[in-house]
Amino acid sequence: MSEPSLIEQLANIGIVVRGLHFGDRLVFERPAQSFGFLSGNNCIGAFSIVNDRCILNTVEIGRYCNLAMNCVLGIADHPVDWFSSHGFVYGGHDFRPFLRYPEWTSLVSDVRVFHGREEGHGAGPVRLGNDVWLGQNVIVRAGVTIGDGAIIGAGSVVTKDVAPYMVMGGVPARPIRQRFATAIVERFMALRWWTLDLSALRNQVDYANVPAVLDRLEAMVADGTVQPLRPKTYSLDQTPDGRYKLSTLAG
Ligand SMILES: CC(C)(COP(=O)(O)OP(=O)(O)OC[C@H]1O[C@@H](n2cnc3c(N)ncnc32)[C@H](O)[C@@H]1OP(=O)(O)O)[C@@H](O)C(=O)NCCC(=O)NCCS
């Protein structure tokens, strides 16, 4: 019998993928879905879903997140205050499609290499908390943190950090409203339900009735009848030959 492909192997251990586009490193908790194109170092928490045609460059995704189609997170900036924003001024030797052309190699400058912005927004990983929903076609700038429970409306461009449980929309994204009243948000943030094994609640609660679910879970935490969620965790590391090495990190 032939060896299962890496895609089948990954499906068997709890991550659904369509291609091998994991960047340098992907750490994921089981189960997860990653249909996007990843570069750099990324992690995807349990039950999170990255939909088709998302592009992620060094993104930390918590648990129970939904990224709708065509979201773009953490893509690098070009220099905005140099002679040109084009790669020829900043060591675009990484721009592989042009490397075969002498017009390019005789032009591209090595005097100063642009490594991206070093501080503030536009630099660093994108961080999504837990239970974050990005609507279709959302763009999140590098270095931005989106708090637990936040929702970003379709077509938004997120340029600044987003507080937990905010609904945001527009270009640039601005607050539409808080998802729940402040007292409820405080209960969500104290409970941190994404750290708990909610299988104990299956078919026991009406998830549309938020105060009742919070009451129930808070009582279960108090009397110790809910366990922590401990998903199996794996890493996929790219090797120098471009393949991926799968390792078990936990569970
Ligand atoms: C943001 C969203 C969740 C709606 O949130 P809501 O709190 O129910 O918002 P409402 O419909 O009550 O609208 C409130 C205001 O936000 C505005 N708004 C809604 N969606 C917006 C968006 N994507 N961008 C900018 N503004 C938006 C509305 O125009 C309205 O403005 P107004 O008060 O000036 O009239 C929804 O509009 C959305 O974008 N959903 C994403 C759908 C999607 O991509 N699905 C993919 C499947 S995973």
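Modelled label positions at D237 and L99, each set 7 Å beyond Cα in the direction of Cβ, lie 2.4 nm from each other.
Taking chymotrypsin sites (Phe, Trp or Tyr not before Pro) as exposed when DSSP calls them loop and at most 13 other C-beta atoms lie within 10 angstrom, the chain has its longest site-free stretch at 96-206.
Pairwise Cα distances in the chain exceed 24 Å in 56 percent of cases.
The charge dipole of the chain, taken about its Cα centre with unit charges on the Cβ of Lys, Arg, Asp and Glu (plus for the first two, minus for the last two), comes to roughly 280 debye.
Please compute, over every Cα-Cα pair in segment 91-199, the percentage with a separation greater than 21 angstrom. Result for the distance tail: 53 percent. The simple spin-label model puts a point 7 Å past each Cα toward its Cβ; for R30 and T159 those points are separated by 4.4 nm.
Segment T248..F37, full-extension length gain: 73.7 nm, with 0.36 nm per residue of separation and the alpha-carbon distance subtracted. A full extension of the chain between Q204 and I184 corresponds to an added length of 5.1 nm, given 0.36 nm per residue minus the alpha carbon distance. For trypsin sites (Lys or Arg not before Pro), the sites in segment 202-240 that DSSP calls loop and that have at most 11 other Cβ atoms within 10 Å are R202. Counting Lys +1, Arg +1, Asp -1, Glu -1, what net charge surrounds N41 among other residues with beta carbon under 11 Å of its beta carbon? Net of charged neighbours comes to -2.
Taking a ≥ b ≥ c as the square roots of the Cα gyration tensor eigenvalues, segment 125-251 comes out oblate, since a/c reaches at least 1.5 and a/b does not exceed b/c. State whether segment 1-150 is rounded, prolate or oblate according to the following rule on the C-alpha gyration tensor (a ≥ b ≥ c being the square roots of its eigenvalues): a/c under 1.5 gives rounded; otherwise a/b larger than b/c gives prolate, and the remaining case gives oblate. Because a/c hits 1.5 or more and a/b fails to exceed b/c, segment 1-150 counts as oblate.
3J(HN,Hα) along segment 110-116: 9, 4, 9, 8, 8, 9, x Hz, from the Karplus curve 6.51 cos²θ - 1.76 cosθ + 1.60 with θ = phi - 60°, whole Hz, x for Gly and Pro.
Rule-based calculations on the coordinates, nothing more; no lab input. On a predicted model such as this, the values are computed, not experimentally measured, just so you know. Neighbour counts run over all protein chains shown; Cβ positions are idealised from the backbone, glycine included.
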